[in-house]
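Enquirer: Sharing a structure below in structure tokens format, with a few things to ask.
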Amino acid sequence: MRFNPLRTALVVLALLGSPLLAGAAESDLLNSVKRNPAKAKAMCLSFREMNEDGKSTYSKKAIRKVAQSENLNFQDAEILVTYVVGMHCSDVR
């Protein structure tokens, strides 16, 4: 699957606008990177390293790694990854 920055941005907007995730948008989940740009930059660096190794940031293994490191469930980690990539490192795939 080829990376499409517009698609990523639309996914982030859809996630943030989803009634099911409305609470998540205002929760500590996304605020953890909104309030800490250094954390977002560090995540982007990690994601770029994955890409350089031929791995996708959106793979189940990568999402599980974020979930474990951030003490999140899989779905919240997926939301966080999508948000960080869409807002801070759109070059990542």
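Just so it is clear, none of the values below were taken in a lab; they were calculated from the coordinates. Computed from a predicted model, the values in this text were never measured in an experiment. Glycine also receives a Cβ, built like all others from the backbone with ideal geometry; neighbour counts cover every protein chain displayed.
Enquirer: Anything in the range 47-86 that is among the charged types (D, E, K, R) and farther than 16 Å from ASN36 by Cβ? List them, or say none.
Expert: Step one: filter the range 47-86 for residues among the charged types (D, E, K, R), giving 48-49, 52-53, 55, 60-61, 64-65, 70, 76, 78.
The answer is ARG48, GLU49, GLU52, ASP53, LYS55, LYS60, LYS61, ARG64, LYS65, ASP76, GLU78.
Enquirer: Only residues that are among the charged types (D, E, K, R) and touching a Phe, Trp or Tyr at 6+ places or on another chain (Cβ under 9 Å): list them for the range 56-93, please.
Expert: Answer for the range 56-93, where residues must be among the charged types (D, E, K, R) and touching a Phe, Trp or Tyr at 6+ places or on another chain (Cβ under 9 Å): LYS60, ARG64, GLU78, ASP91, ARG93.
Enquirer: Can you tell me which residues in the range 35-63 are surrounded by fewer than 14 Cβ atoms within 10 Å (Cβ to Cβ) and either in contact with a helix residue (DSSP H, G or I) (Cβ under 7 Å, 6 or more places away or on another chain) or part of a helix (DSSP H, G or I) (or both)?
Expert: PRO37, ALA38, ALA42, LEU45, GLU49, GLU52, LYS60, LYS61
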